[in-house]
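The values are calculated or read from the model by the stated rules, or taken from the named source; none is laboratory data. All figures in this text were calculated on a predicted structure; none of them were measured in a lab. Here Cβ is always computed from backbone atoms with ideal geometry, including for glycine, and neighbour counts include all displayed protein chains.
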Amino acid sequence: MDPVTAAGIGLSVTSIALQVFSGCIKGYQLFIDCRDLPVTYEHLRTRLRIEQTRCLQWGESVGLLEDMLDEPSKLLQLHHNLIFDILQQVQSSFRSCLVVTTKFDPHIRNRSPSVLAPRQTPIAPRKLSFLDRTLAFWEKGGRVAGRLEWAMLKKDGFEKLVVQLIEYNNRIETFLDRSTLKDLRTMHVQSNLVLLQVTDQVTQLRDLVQALKLGAPAATTSGVQTLSRASTLVQEDDQGKGELTLLSLATFKTHHLEMTKLNGSINIPMISIASVKLDFVDQRSMRQFGRLGPRKVWLEWREDFGDFDMPADYAHKVEQRIQALAAVLSAKDKPTEVCSPDCLGYVRTSDDKHGGADKFALVLSQAKAAQDDTTLVSLRPLLNKRLGIALDVRIALVKRLAEALLSLHAVNWIHKGICSDSILLQKSPNGFFIMKDPILSGFETSRPALPDEITVPYARSEERDLYRHPDLHTMDSSRSKRSHDIYSFGLVMIEIALWRPIEQIVKLEVPLRRREIGKLRSSVLDDQNFVFADVAERVGWRYADVARTCISGGKPIGIIDDNDNEEDPAVGSRMISAFFENILLELRALLV
């Protein structure tokens, strides 16, 4: 008897669905752990892991749990026959991919773990627990599976098998009610973000990108019929409209990881400053607007580092970072969720103030479609004006910014400069501001969230320091972290809710004093100052609680211990899941 056949049948009347389901999960695991799989098929192994996770998620959603068999869910009662039929087809697909039937290896449990293929792509702890429980249920009947080797599989049928499994998972989701399907989609996105977070090798990312392309509609060639209600529900699901696209983010992460590892051999144009016709300078941010040929552009200067005592090769390292950043921001496959501008290149010039030290600036541009019709304005000065921005428009703006920050963190990139001045809005010719399409700028000091990446210091600016976490206010401050970005975003949330600059909200005296700036976080969190009460009065407590989560940090953003290393993949995965669940989903749940 082949391993998949043995994995499926065992069979009491009361537990037949769970028996077959656990057999399917075991079938997935056998193919995932297949030995001697050629490198060219690794993307199929990756896709099998994704589909196994999907199968576990809908199985848990419909109540395929051992402790629920005495009181099965209504979904399981109503659709028992359909579930059983699809699960049998899944098992049949596994069997049809085998060249020969294979006997069980009775000693599989006694093998050294190193003999078995490792589970290379981690699963969220909750799903890993359900996977282990499901496999344990299958083994209760005394069945012990052997292992598969590449020679046992039909080479021309392996990809077809994976596509069929994708379609079976799609089919079984079609009979779920709207609420269950919405929860399931949320679990999918969360699992995908964790998967993206822990995938940090270029080869693995390429496998992930190739695996995800199998899910495209064009790949549906196996003849398995899908029910139209699935696509209808997905399209009608408001939350689905804003879901982050794993494929685009994986492609983007692959691109930026390749750029960071090229060590100076990046082919990015260095633009002569003389070729840029400068119009005016935003004195607050030193953002220079102008034109490069027919295109409207602006220059974002890297803050001066001539006053810092740096190694001799520091300027060269800074230029390498600028080149890598320019390459990432100029990528054609950049996801729209990132909300970043297009980058045309960078300029390098000498700074007479610091003995001729080199200065660098990114040359950024709006999308071509918006070139002639709009002008760019920073959010910061608008907060001092009574513009009468509608509540739903402001909340939509915050949601877009939250998606942008999550997208950056998902691909291991730290912004380091989140503030109201780094948020650019388009102003139409009739004077209206386009809030739905913000541009997140201020990337000039951004860096990958990798342990070996240098941290570039920034010049002190009282206005920018308002948004920086207190840990960054000392000269011997720690490296910038994801949690610092989240803190800064929380302050921007408060500003947008109350439509006032943060220093006015906490009543800081002007001119700003550095000692008072360092106390800003405690002032915001002090309930005696009624900051969150004021926010709740304007936009509701759910919004206010999200802002408090961002500023307080800790467990709600995935930091369990003060000593957690945020550059550790496990910690990063927790933080991504927490941001998605406790910040983005809470904001998406706001209805105006």
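Return yes when residue 211 is among the small types (Gly, Ala, Ser) and either at pLDDT 85 or above or in contact with a Ser or Thr (Cβ under 7 Å, 6 or more places away or on another chain) (or both) and no when it is not. Yes.
For residue 408, the conditions (1) at pLDDT 90 or above; (2) farther than 26 Å from residue 255 by Cα are fulfilled apart from (2).
Within segment 22-66, restricting attention to residues that are more than 26 Å from the chain's Cα centre (by Cα) and aliphatic (A, V, I, L, M), the residue that is modelled with the lowest pLDDT is 65. When 548, 588 are screened for being within 22 Å of the chain's Cα centre (by Cα), within 17 Å of residue 393 (Cα to Cα) and basic (Lys, Arg), only 588 passes.
Taken over segment 45-63, the residue count meeting the criterion of being of a type outside the set (Gly, Ala, Ser) and in contact with a Phe, Trp or Tyr (Cβ under 6 Å, 6 or more places away or on another chain) is 4.
The conditions of being surrounded by 20 or more Cβ atoms within 10 Å (Cβ to Cβ) and part of a helix (DSSP H, G or I) are met by residue 402. Across segment 136-171, the qualifying residues are those that are farther than 24 Å from residue 43 by Cα and part of a helix (DSSP H, G or I), and the one among them that is modelled with the highest pLDDT is 136.
Of everything in segment 301-322 that's of a type in the set (Asp, Glu) and over 20 Å from residue 442 (Cβ atoms), which residue is modelled with the highest pLDDT?
At the first step, the residues of segment 301-322 found to be of a type in the set (Asp, Glu) are 303-304, 307, 309, 313, 319.
Okay, now just the ones that are also over 20 Å from residue 442 (Cβ atoms), so 307, 309, 313.
On the way: 307: 51, 309: 58, 313: 70.
Filtering segment 301-322 for residues that are of a type in the set (Asp, Glu) and over 20 Å from residue 442 (Cβ atoms), the one modelled with the highest pLDDT comes out as 313.
Segment 480-567 holds helices (runs of 4 or more DSSP H) entirely within its bounds, and those carrying 2 or more residues that are closer than 21 Å to residue 384 by Cβ map to 482-498, 502-505, 514-517, 520-525, 531-539. Suppose we filter segment 255-300 for residues that are modelled with pLDDT of 85 or more, within 23 Å of residue 379 (Cβ to Cβ) and either under 29 Å from the mean Cα position of the chain (by Cα) or not in a strand (DSSP E or B) (or both); how many remain? So the answer is 4. Every listed requirement among (1) assigned to a loop (DSSP other than H, G, I, E, B); (2) under 22 Å from the mean Cα position of the chain (by Cα) is met by residue 195 save one, (1). If I filter segment 24-42 for residues that are assigned by TED's automatic domain parsing to the domain that holds residue 161, touching a helix residue (DSSP H, G or I) at 6+ places or on another chain (Cβ under 6 Å) and among the polar types (S, T, N, Q), do I get at least one hit? Scanning segment 24-42, I find no residue that is assigned by TED's automatic domain parsing to the domain that holds residue 161, touching a helix residue (DSSP H, G or I) at 6+ places or on another chain (Cβ under 6 Å) and among the polar types (S, T, N, Q), so the answer is no.
Per the listing 364, 325, the residue uniquely under 21 Å from residue 414 (Cα atoms), modelled with pLDDT of 90 or more and either in a loop (DSSP other than H, G, I, E, B) or under 31 Å from the mean Cα position of the chain (by Cα) (or both) is 364.
For segment 172-185, enumerate the residues that are crowded, with 20+ Cβ neighbours inside 10 Å and assigned to a helix (DSSP H, G or I). Show your work before the answer.
Applying the first criterion (crowded, with 20+ Cβ neighbours inside 10 Å) to segment 172-185 yields 172-173, 176, 181.
Of everything in segment 172-185, those that are crowded, with 20+ Cβ neighbours inside 10 Å and assigned to a helix (DSSP H, G or I) turn out to be 172, 173, 181.
The number of residues in segment 540-577 being closer than 18 Å to residue 412 by Cα and not acidic (Asp, Glu) comes to 13.
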